[in-house]
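Here is the structure we will look at.
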Amino acid sequence: MIRKLLSRIGIVAVLTGLSTGALAQQSYGWVEKIRIQPWDVEAKAKLDSGALTSSMHAEDIELFQRDDEDWVRFTVELGDDEQGQRVTERIERPLFREFSVRGAGGRDQRAVVLMEVCIGNTVYQEQFSLRNRSNMNYPVLLGRRTIQHLGPIDVTQTFLINSECGGDARVLSYNETEKDEGIGVN
């Protein structure tokens with residue numbers, strides 16, 4: 001009787017899909033080690049379903065013009081202290097967009113650039129807002145635009161995957177026409 005009722009409202013289909021489909025995929029922990037490209041340096045990233053746009057630690061952020069286009073120049077210092085890997089790079093990228101973040105500390109305007117990160121065995125070109133995250137536990141935060149491509153997240157676990165992307169790694173490039181529907185954006 002209950003199964004019939006649940007079936008009528010579609011819950012059985014959803015539960016069946018979860019038990020056979022989504023849970024069979026590779027699970028990710030709420031914190032994973034990813035590799036920042038092109039330097040192939042490892043960094044800890046928090047997978048945050050509460051954030052839409054990913055964020056990366058950056059310092060000395062400055063906007064400038066190049067050939068009548070908006071660009072951003074910033075310094076990235078990332079690395080895995082356990083492995084002794086560190087990279088400090090001064091990077092210049094076209095400004096993808098700017099957005100305003102409102103939080104407990106007030107309103108913050110941030111530059112967004114496209115960056116590539118290796119997660120698992122795939123390279124993802126994604127939007128990253130630039131922010132000084134030196135006072136945060138994790139230098140990289142992966143938001144819903146990125147984690148929607150990964151699979152289920154086990155919020156009780158960390159470091160479930162090994163990120164290694166060689167020359168034959170699959171590359172998912174950012175698709176500007178891709179809609180944010182279905183990940184909490186109207």
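Yes or no, residue by residue, for (1) surrounded by 15 or more Cβ atoms within 10 Å (Cβ to Cβ); (2) of a type outside the set (Asp, Glu); (3) in contact with an Asp or Glu (Cβ under 9 Å, 6 or more places away or on another chain); (4) not in a loop (DSSP other than H, G, I, E, B):
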site	(1), (2), (3), (4)
Cys118	yes, yes, yes, yes
Thr146	yes, yes, yes, yes
Gly151	yes, yes, no, no
Asn162	no, yes, no, no
Self-check item: Yes/no for Pro139 being within 20 Å of Glu59 (Cβ to Cβ), surrounded by 13 or more Cβ atoms within 10 Å (Cβ to Cβ), modelled with pLDDT under 95 and under 16 Å from the mean Cα position of the chain (by Cα)
Solution: yes
Is there a residue in the range 114-135 that is of a type outside the set (A, V, I, L, M, F, W, C) and without any contact (Cβ under 8 Å) to a residue 24 or more places away in the chain?
yes
When the range 31-55 is checked residue by residue, the ones that are more than 22 Å from Gly167 (Cβ to Cβ) and among the aliphatic types (A, V, I, L, M) are Val31, Ala45, Leu47, Ala51, Leu52
Only one of Glu126, Glu69, Glu116 is of a type in the set (Asp, Glu) and in contact with a Lys or Arg (Cβ under 7 Å, 6 or more places away or on another chain), namely Glu126
The residue that is surrounded by the fewest Cβ atoms within 10 Å (Cβ to Cβ), considering only those in the range 85-115 that are within 17 Å of Trp71 (Cα to Cα) and charged (D, E, K, R), is Arg90
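The values are calculated or read from the model by the stated rules, or taken from the named source; none is laboratory data. All of these numbers come straight from a predicted model, not from anything done at the bench. Neighbour counts are summed over all protein chains in view; Cβ atoms, including those assigned to glycine, are modelled from backbone coordinates with ideal geometry.
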